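Right, one structure below, let's go through it.
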Amino acid sequence: MHTLVSHPCISFTARSLILFIIGTFLLKNYKQALSLLDTKPVVIAALTKVGASSGEVVEEWLREEEVYLCGLSKEPLEETLEMEYYKMLESLRVTELVIDLLFFFL
C-alpha cells in the first residue's frame, strides 16, 4: 500500500487517512447533535410560551408569513417611516458627538 505521510511516529496510507477524516467528521457531528439535544427543553419552553403546541403550528405560521410577504408590493409605510426616523436619530447622535468633539478641541 502506498504511504502518503511517512514519519517515525506517524504513517498514513490513503485508506487510513480517509478513515481518519470520516471518523473526525462523525465525531464532530455527534458532538453537535448532543449540544442541539441539550437545547431541546429551552426550545420547547419558548415555543410553548408563544403558543406553539407543536411543529405543525410553527409550520402554519411560516406559511402564513410567506403568504403575507408575497402579498406585499412594497414595504409597509409605517415600517418605512420608523426606519427612516431611526436613521435620522442615529445621524443626529453622530452629529452631536462630532460637534462635542469639535468644541472640546477648540
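The values are calculated or read from the model by the stated rules, or taken from the named source; none is laboratory data. Values in this document were obtained by computation on a predicted structure and should not be read as measured data. Backbone-built Cβ (ideal geometry, glycine too); neighbour counts: all protein chains shown.
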- prompt: Regarding E64, is this residue of a type outside the set (A, V, I, L, M), assigned to a helix (DSSP H, G or I) and either loosely packed, with under 10 Cβ neighbours inside 10 Å or in contact with a helix residue (DSSP H, G or I) (Cβ under 9 Å, 6 or more places away or on another chain) (or both)?
  reply: no
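Hey, can you tell me all the residues within the range 37-61 that are among the hydrophobic types (A, V, I, L, M, F, W, C) and either touching a strand residue (DSSP E or B) at 6+ places or on another chain (Cβ under 6 Å) or exposed (fewer than 10 other Cβ atoms within 10 Å of the Cβ) (or both)? Spell out the reasoning first.
Within the range 37-61, the subset among the hydrophobic types (A, V, I, L, M, F, W, C) is 37, 42-47, 50, 52, 57-58, 61.
L37, V42, A45, V50 - these are the residues of the range 37-61 that are among the hydrophobic types (A, V, I, L, M, F, W, C) and either touching a strand residue (DSSP E or B) at 6+ places or on another chain (Cβ under 6 Å) or exposed (fewer than 10 other Cβ atoms within 10 Å of the Cβ) (or both).
So, in the range 1-35, exactly how many residues are modelled with pLDDT under 90 and either among the aliphatic types (A, V, I, L, M) or within 30 Å of V58 (Cβ to Cβ) (or both)? Outline the logic, then answer.
Residues of the range 1-35 modelled with pLDDT under 90: 1-21.
Cutting the leftovers down to either among the aliphatic types (A, V, I, L, M) or within 30 Å of V58 (Cβ to Cβ) (or both) gives us 1, 4-5, 10, 14, 17-19, 21.
Adding up the residues that qualify gives 9.
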message: Condition check: of a type in the set (S, T, Y), in a loop (DSSP other than H, G, I, E, B) and either surrounded by fewer than 10 Cβ atoms within 10 Å (Cβ to Cβ) or modelled with pLDDT of 90 or more (or both). Does S73 satisfy that?
response: yes
query: So which pairs qualify, if the first residue must be in the range 85-105 and in contact (Cβ under 8 Å) with a residue 40 or more places away in the chain, the second must be exposed (fewer than 10 other Cβ atoms within 10 Å of the Cβ) and of a type in the set (K, R), the Cβ gap must be under 6 Å, and the two must be at least 6 apart or on different chains?
result: none
- prompt: In this structure, does A52 turn out to be on the phi < 0 side of the Ramachandran plot and part of a loop (DSSP other than H, G, I, E, B)?
  reply: yes
